[in-house]
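What follows draws every value from the coordinates through simple rules; no lab data is involved. This is a predicted model, so every value here is computed, not measured. Reconstructed Cβ throughout: ideal geometry from the backbone, glycine too, with neighbour counts over all protein chains shown.
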Amino acid sequence: MNPRTWLMTNDRWIPGLFVLGFAVMLIANGTMAWIAVGSFGGLATADYYDRGRTYNQTLEMADAMAATGWSAALATEPLGSGRFQVEVQLSGRDGLPLSGAQVIARFVRPSDDDDDFEVALEPRGNGLWQAEVTPPVTGLWQVRLYASRDDDIFAVEKRVVLTP
């Protein structure tokens, strides 16, 4: 008997083909869901409600920081053995180097908050602050710079890639 004739006369295989198609789809979707749930990094904000309630105060603080007119330039340089030199140049409203401030750099990993760390930068004069850091891992970092002098507070966020 010709296979084509057999297929045309014996159509009992058609429901099995539908069942097989749905089984493949369910297995693929189940596998993708299992991988997605198992790989979730948990980057949700823990204090989202409080942050939402204080949003107006956050805006007021941002306006106060902008009113200082300060600006910051960040530079990093590899020193070898996983160490990096971090330099921050602060300038005032008039563009002249700022002095007498306390500067802190908080290094935040966008993908994993377990590696975050903070370092106080040392003044070197002429608006320059420096620190030597050894991050737990190299790669992309968000650096949040905080500077304060008297009653003035300034914060800015810069993105850097730390690679040896």
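Work through the residues other than Leu140 whose Cβ is under 12 Å from its Cβ and net out their charges, Lys, Arg +1 and Asp, Glu -1.
Spelling it out: positives minus negatives among the neighbours equals +1.
222 nm [θ] for the chain, helices only, -39500 (n - 2.57) per DSSP H run of 4+, per residue, to 500?
-10500 deg cm²/dmol
Compute the length gained on full extension between Asp151 and Ala46: take 0.36 nm times their separation in residues and subtract their Cα-Cα distance, giving the result in nm to one decimal.
Length gained, Asp151 through Ala46: 34.9 nm.
With the crude spin-label approximation of a point 7 Å out along Cα→Cβ, what separation in nm comes out for Leu59 versus Val161?
With each label point 7 Å from Cα toward Cβ, the separation is 3.6 nm.
How big, in percent, is the set of alpha carbon pairs in the chain lying more than 24 Å apart?
Values: 7709 of 13366 pairs.
Considering the chain, 58 percent of its Cα-Cα pairs are separated by more than 24 Å.
Estimate the FRET efficiency between Thr68 and Met32 by the formula 1/(1 + (r/R0)^6), using the beta-carbon distance for r and 30 Å for R0, to the nearest 0.05. Intermediate results must be reported in sequence, preceding the final value.
Numbers: r = 49 Å, r/R0 = 1.64.
My answer for the efficiency is 0.05.
Determine the gain in length on full extension of the stretch Asp114-Thr134; use 0.36 nm per residue of separation and subtract their C-alpha separation, reporting nm with one decimal.
Gain on extension, Asp114 to Thr134, equals 5.7 nm.
Treating each Cα of region 70-164 as an identical point scatterer and ignoring solvent, apply the Debye formula and state log10 I(q)/I(0) at q = 0.11, 0.22 Å⁻¹.
One equal scatterer on each Cα of region 70-164 leads to -0.30, -1.09.
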